[in-house]
Amino acid sequence: MSDELDAQPEVTPDHDLRRYEIRVGDATAGFTQFVDSGDQRIFFHTEIQERFAGRGLAGTLIRSALDDTVAHGKRIVPICPFVAGFLDKHDDFKGFVDAVTPAAQQAVIDSQR
């Protein structure tokens, strides 16, 4: 457990699983899931494991995921409350965000089948 406390968090995309993961040492501390639909990346779920709570990892994870999304020419659709809350506090992504629409919500539902 001390390695987890000392290790720097690292965010990596896993496009096969359609998510970005944040790792601390050898442990997966959390992830944010997405679905791509056209030029949009729809973020619909984020979780951080309880033992890693309170360390700012959700913010680190989401910033990295959004930076990567924009770098790849995708627009951000924040269905996930964590992502939406992050965007409310960080105007640097303002020009890259699309509203949540029924079509975006349907894309998420269809991806879960």
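In the chain, carbon and sulfur make up what percent of the accessible area (probe 1.4 Å)?
It is 49 percent, rounded to a whole number.
Can you give the calculated 222 nm mean residue ellipticity of the chain, where each DSSP H run of n ≥ 4 adds -39,500 (n - 2.57) and the sum is split over every residue, rounded to the nearest 500 deg cm²/dmol?
-10000 deg cm²/dmol
Whole number in Å², please: accessible area per residue of the range 19-92, 1.4 Å probe, ligands, DNA and RNA not counted.
Dividing the accessible area of the range 19-92 by its residue count gives 46 Å².
Here are labelled values, (1) 13.7; (2) 14.4; (3) 18.3, and one is the computed Kirkwood radius over Cα pairs in Å for what I pasted. Which one?
Correct label, based on the coordinates given: (2).
How high is the relative contact order of the chain, given as a whole-number percent (alpha carbon pairs under 8 Å, six or more residues apart)?
Normalised by residue count, the contact order of the chain is 21 percent.
Express in Å², to the nearest 10, the accessible area of E10 obtained by rolling a 1.4 Å probe over the protein heavy atoms while all chains stay in place.
110 Å²
To the nearest 20 debye, what charge dipole does the chain have about its Cα centre, counting +1 at the Cβ of each Lys and Arg and -1 at the Cβ of each Asp and Glu?
It works out to roughly 360 debye.
Quick one: accessible surface of S64, probe radius 1.4 Å, all protein chains present, in square angstrom to the nearest 10.
Counting only protein heavy atoms, S64 exposes about 40 Å² to solvent.
Assign unit charges at the C-beta atoms only (+1 for Lys and Arg, -1 for Asp and Glu), then state the dipole size of the range 17-74 relative to its Cα centre in Debye, rounded to the nearest 20.
Details: 8 positive and 8 negative charges, 15 e Å.
That gives the range 17-74 a dipole magnitude of about 80 debye.
The values are calculated or read from the model by the stated rules, or taken from the named source; none is laboratory data. These numbers were taken from a predicted model, which means no experiment stands behind them. As a convention, Cβ positions derive from the backbone with ideal geometry for all residues, glycine included, and neighbour counts pool all protein chains shown. Accessible surface is based on the protein model in full, side chains and every heavy atom, while ligands, DNA and RNA are left aside. Shrake-Rupley method; radii C 1.70, N 1.55, O 1.52, S 1.80 Å.
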